[in-house]
Amino acid sequence: AKSAGGDNACFFDPAMLNIIAARAEMEADLRNGLRQHEFRLFYQPQVNSTGKWLGAEALLRWQHPQKGMVSPAEFIPLAEETGLIVPIGKWVLHQACAQLALWQADPAYASMTMSVNVSAKQFRQDDFVDTVLEAVTQHHVQPGSLKLELTESLLLDNIEQTITRMHILRSYGICFSLDDFGTGYSSLTYLKRLPLEQLKIDQSFVRDILVSPSDAAIVRTIVGLGKSLGLSVIAEGVEQESQRSFLQTLDCHAYQGYLFGKPSATLSLPQRGNSNAEL
Ligand code: C2E
Ligand code: CA
Ligand code: CA
Ligand code: CA
């Protein structure tokens, strides 16, 4: 068959078959994982310049029975392609709101916000707005404490629908943060039309902020832009005190990164008696 087919031989490349088989297996695994409740949310704190906790970002983890803890970078792309991100994302919203309700019932955590990542496929579902409102209502959380993280490419894909949906959710109090800001192609015209509350500086700019003058300039510009648009600005991927203090000199409002805490299954407050504990 190979001699007759010439180029067709590539269809029988065993390496390719392996890739296809691995994908099919992972898809079946993902479906099964959802049924078997193998997903977990981890929470990473977000702090202000004095170290006070402002909130946390919910980050998805997959506790695979054989592979152990699987990072979202490994399964979210496939979950998006297969549409599985829709039920997974709905689970994330409910789980995050359930956790937020627990915080809101505890005076020490009551003012914390909960940031939740939303994928494009999920945002474009006809029932997305209802899904979010349902999660907020069912778990009795203050909608103003829920912050949805959207990316620039998601927003721009169908800008009119984006604006409509965001405004509806905003009218119920839901907040929005623009994730990975600076890596996409936001036009300032659109930024002005979106009911955003926060810009989130991508960690790629934070990483080299002390050694790369252009990264420092980009961060300075984003903070200034946030200020002039009336938005809060959070830097992600802050790992070192030197990065934090430099960001502070640029007037950045909020910080997230390993310096303040890695994502973990449970957030615990700094020790009692520590001034940071005063939320
Ligand atoms: P992201 O939204 O940009 O999240 C930030 C990522 O940076 C997280 O990776 C976080 O663990 C990591 N990170 C936090 N602090 C530091 C730091 O100081 N240094 C470094 N090097 N990294 C830090 P993670 O948890 O692996 O998530 C990767 C991506 O997966 C997220 O990127 C987000 O795009 C996606 N994701 C996570 N959870 C969800 C979810 O529930 N739904 C959707 N649709 N996507 C999610
Ligand atoms: Ca995020
Ligand atoms: Ca991000
Ligand atoms: Ca990112």
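The values are calculated or read from the model by the stated rules, or taken from the named source; none is laboratory data. Nothing here was measured: the structure is a model prediction, and the numbers come from that model. When we count neighbours, we look across all protein chains shown, and the Cβ atoms used for this are built from the backbone with ideal geometry, even at glycine.
Go through the range 115-130 and give me each residue that's within 13 Å of ligand 1 (Cβ to nearest atom) and over 9 Å from residue 97 (Cβ atoms).
115, 117, 118, 119, 120, 121, 122, 123, 124, 125, 128
I need a count of the residues in the range 118-156 that are in a loop (DSSP other than H, G, I, E, B) and closer than 15 Å to residue 178 by Cβ.
The total comes to 2.
Where the second residue is within 13 Å of ligand 1 (Cβ to nearest atom) and among the β-branched types (Val, Ile, Thr) and the first is closer than 29 Å to residue 244 by Cβ and part of a strand (DSSP E or B) and lies in the range 182-203, which pairs have Cβ atoms under 9 Å and are six or more apart or on separate chains?
Listed pairs, sorted by first residue: 198/234; 199/234; 200/234; 201/234.
For the condition modelled with pLDDT of 95 or more and in contact with a Phe, Trp or Tyr (Cβ under 7 Å, 6 or more places away or on another chain), what is the one hit in 76, 88?
After ruling out the rest, the residue left standing is 88.
Looking at 237, 226, which is the one that is in contact (Cβ under 8 Å) with a residue 24 or more places away in the chain, within 16 Å of ligand 1 (Cβ to nearest atom) and not hydrophobic (A, V, I, L, M, F, W, C)?
237
For residue 63, indicate whether it is in a strand (DSSP E or B) and more than 16 Å from ligand 2 (Cβ to nearest atom).
Answer is yes for this residue.
Is the range 75-96 home to any residue that is assigned to a helix (DSSP H, G or I), without any contact (Cβ under 8 Å) to a residue 12 or more places away in the chain, loosely packed, with under 15 Cβ neighbours inside 10 Å and within 16 Å of ligand 2 (Cβ to nearest atom)?
The answer is yes, given that some residue of the range 75-96 is assigned to a helix (DSSP H, G or I), without any contact (Cβ under 8 Å) to a residue 12 or more places away in the chain, loosely packed, with under 15 Cβ neighbours inside 10 Å and within 16 Å of ligand 2 (Cβ to nearest atom).
Using beta carbons and a limit of 8 Å, which pairs, at least six apart or on different chains, have the first residue in the range 150-167 and at pLDDT below 95 and the second one part of a strand (DSSP E or B)?
151/178; 151/179; 151/180; 152/178; 152/180; 152/181; 155/178
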